[in-house]
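Right, one structure below, let's go through it.
Bear in mind that the values in this text are calculations on the coordinates, not laboratory data. Nothing here was measured: the structure is a model prediction, and the numbers come from that model. Because the Cβ atoms are built from the backbone with ideal geometry, glycine has one as well, and the counts that use them run over all protein chains shown.
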Number of protein chains: 2
Amino acid sequence: MTSHEGVNEMDMITIKDVAAAAGVSVSTASRVIAGNPATSPEARVKVQAAVDRLDYRPNTQAQSLRSTRTNTIGLLVSDVRNPFFADLAHSAGQAALDAGYVTLLGNANERTDQQDSYLNTLIQRRVDGIVMTPHGDGSGAVADIVRRRMPAVFVDRTIEGLDVPSVTTDSTRGILQAVQHLVGLGHERIGYISGPLSTSTGRERWRSFAAARTACGLPEDAQMVASGDYQAASGVAAMEQLLSLPVPPTAVVAADSLMAVGAISCTRERQLHMGRDISLIAFDDIELFTLLNPSLTVISNNVNEMGRLAIALLLDIIDGRDPESVVLPSELIIRSSTSRPATAGTASLNQEHAK
Amino acid sequence: MTSHEGVNEMDMITIKDVAAAAGVSVSTASRVIAGNPATSPEARVKVQAAVDRLDYRPNTQAQSLRSTRTNTIGLLVSDVRNPFFADLAHSAGQAALDAGYVTLLGNANERTDQQDSYLNTLIQRRVDGIVMTPHGDGSGAVADIVRRRMPAVFVDRTIEGLDVPSVTTDSTRGILQAVQHLVGLGHERIGYISGPLSTSTGRERWRSFAAARTACGLPEDAQMVASGDYQAASGVAAMEQLLSLPVPPTAVVAADSLMAVGAISCTRERQLHMGRDISLIAFDDIELFTLLNPSLTVISNNVNEMGRLAIALLLDIIDGRDPESVVLPSELIIRSSTSRPATAGTASLNQEHAK
DNA sequence: CTGAAAGCGCTTACAG
DNA sequence: CTGAAAGCGCTTACAG
């Protein structure tokens, strides 16, 4: 063995070795291993014994080359370091495992080029299907996927105009409940930290917020809206912008948890007590963030169900069916980051004094 | 095409199609595509044109079946939902990508059985190598990896007695600095929330803490130590235990960030102000947690460097070299969760009053 | 129920 | 520089 050949190919035992050890043909060995009923009890015993003794592992490459199935699902998420996508990766991976598939997890880093390069890899590896949180406008590698008719499912995000089933969350209800909750507490100036409008979720949640605001009789106010990119740092900047207004909001809705964490950090620097001096509601229910100080009032979107359903839809497509897209509801979960506005209390008093 | 066959195998174009379209043999087409210099300029032009026109993608399965290389690295982490491992997965994945490898990311969920089943999958897929944060005692599938001499690198954690290079962090320095920092602030009762002693990091950090305590002249006190499992919930329980002592600690060191988050949550429920009423230092420097309230004083362990080095070592092994294990240093980073003990101030006054 | 043979899509000595 | 051929490890009609 030369050093160039590497180390892991030594003494790899093949189905030929198993067949020889069992005293049967390769065909018979293959049938026994595959669980094909067209085998005699004797053959089963002999082959199984050989498999065990030699510690044989079928070469998946060769298997899938013949059967044109890889039992692999590609899972491409926007950002592994975002807890929402980590949870999604976890639940989808687990559902795939239960169905006998292994998951190739990829990370697009919220970048279209990395998404495309990973998709190309998945195409080359002939994965049986792809679950992804798509980024961009549906050109590039995403278009290749569709053109090649690879089984694919969009999850969380979608791209309009592409014939790809999706599992998404309808933010309408949850965001309406959120705004109603805040208005019910007495808030009149509610800020919004938006996700990027280049994503379907960014657009959809923004529309829901605008509709909820109108439904609750609040005025349209462009100053009450700041834009972020679903990362924590942008939440800091957006909150900074909102709190610097001459008349700042008394409550803020953030389009995802990570930006909400940034917003909390901002209020802390300004010595504001979240949940007392200012209220905050975040989209996404991240288990970890229930332990934050204060625990976030959130709009829950059931990330585990999304991952599970995305895999279920994909398996349907792989089996030749044509599943419908699924839209899940969202719901407000009240915790400690929302309270009555400080308006009637100390905060407005302070403002009075400052005049 | 029957529905059973699925959808994605239709009109998959192969190297034969490319060769035919270019008017050359399959061998020549293969050489051009592989960048083999033994090709004529004319052949290169014709084949490249055919590749582009047909949008040809080589079948990785077939390639690796012949070449016995898969250009795939298996990356198995203890828990994708733990931000430390998410960061590790990100940095290792990025380093692998830069070296032309794609990463198969797997999640052991801190469970030996899931680790083993994933390792089996990786063996079957003939990945070129494995980077993992090992769990358990080195029996089961981990032993198979070693026996088969598959290129493998342990990262963060190790298993003693196995001939597998590793990239780990030496906690000695960082934990000593942490204890010195606390003692310098005036703390005399320092609690410790330990990781599981079934992991190498759990044992190593515990030894470092015990040594630092002795070096700083603090007494041994079994009551000052609580055990966790590197998950947030266990941090809550451990902190609860420590704060319920007749004479509770004024400062606590937690063996990882997630348990520290749990500890913060616990103090909040008890109306204690972290960084004033009680001090906390956590192992692991998670970027996200710098935004927490309060921002954590941490023992930094450079997770990005660990991921990068683990891939570098693995590539060395794949190339037939025999790299040395790497031990990285740790270092204290002081932020806002540590301060002078409340002993001389309100807390002990309160205790006096309670008597 | 079994075995010999063909073939999945590619790469790589081998001869020219 | 090129092509015909063998073969990577497996599965699957085909004939018996």
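For the reader, a short list of remarks on this structure follows.
- Beta bridge orientation in chain A: antiparallel %, DSSP, nearest 5: 10
- Residues of the stretch A:179-206 with amide N under 20 Å of a point placed 7 Å along Cα→Cβ from A:Glu220: A:179-180, A:188-195, A:197-198, A:202-206
- Put simply, the amide H of B:Val252, placed in the peptide plane, has neighbours under 5 Å in B:Gly191, B:Ser279, B:Leu280, B:Ile281, leaving out anything fewer than 5 places away on its chain.
- Dmax and Rg, reported as Rg then Dmax, of the stretch B:146-271 (C-alpha, Å): 16.2, 55
- Karplus-derived 3J(HN,Hα), 6.51/-1.76/1.60, for each residue of the stretch A:59-65, Hz, glycine and proline x: 7, 4, 4, 5, 4, 6, 5
- Computed Kirkwood radius, in angstrom, where 1/r is averaged over Cα pairs of the stretch A:1-143: 18.0
- Volume of the convex hull of chain B (Cα atoms only), normalised per residue: 175 Å³.
- Scanning chain A for the beta carbon that comes closest to the axis linking it by rotation to B yields A:Leu105, 2, distance in whole angstrom.
- Counted charge near B:Pro341, where neighbours are those whose Cβ lies closer than 12 Å (Asp, Glu -1; Lys, Arg +1): +1
- Per-residue 3J(HN,Hα) values for the stretch B:207-218, derived from phi via the Karplus relation 6.51 cos²θ - 1.76 cosθ + 1.60 with θ = phi - 60°, read 4, 4, 5, 4, 5, 5, 4, 5, 4, 8, x, 8 Hz in sequence order (x marks Gly and Pro).
- Principal-axis tilt of helix B:172-185 within chain B, Cα atoms, nearest 10 degrees: 30
- Residues of the stretch B:127-165 with amide N under 19 Å of the 7 Å Cα→Cβ point at A:Arg53: none
- A straight Cα-to-Cα reach below 19 Å connects B:Lys16 with the aspartates and glutamates B:Glu42, B:Asp52, B:Asp55, residues fewer than 8 places away in its own chain not being considered.
- Over all projection directions, the Cα-based convex hull of the protein assembly as shown averages an area of 36.8 nm².
- Crossing angle, helix A:232-243 versus chain A [Cα axis fit, 0-90 degrees, rounded to tens]: 10
- Considering only A:Asp55, A:Asp116, A:Asp284, the Gaussian network model of chain A with Cα springs below 10 Å gives its largest mean-square fluctuation to A:Asp55.
- Within chain A, helix-based [θ] at 222 nm, where runs of 4 or more DSSP H residues each add -39,500 (n - 2.57), nearest 500: -13500 deg cm²/dmol
- Residues whose placed amide H lies under 5 Å from that of B:Val80, excluding near-sequence neighbours: B:Ala108, B:Asn109
- Gyration tensor verdict on the stretch A:75-138 (Cα atoms; rounded if a/c is under 1.5, prolate if a/b is larger than b/c, oblate otherwise): oblate
- Amide H partners (placed H, <5 Å) of B:Val326, local residues excluded: B:Ser166, B:Val167, B:Thr168
- Scalar couplings 3J(HN,Hα) for the stretch A:271-279, obtained by applying the Karplus form with A = 6.51, B = -1.76, C = 1.60 to θ = phi - 60°, are 6, 8, 8, 5, x, 9, 7, 8, 9 Hz; x denotes Gly and Pro.
- Whether the stretch B:197-353 is rounded, prolate or oblate, judged on the alpha carbon gyration tensor where a/c under 1.5 counts as rounded: prolate
- Relative to the other identical copies, A:Leu328 shows label-point distances of 3.4 nm, where the label point lies 7 Å from Cα along the Cβ direction and values run shortest first.
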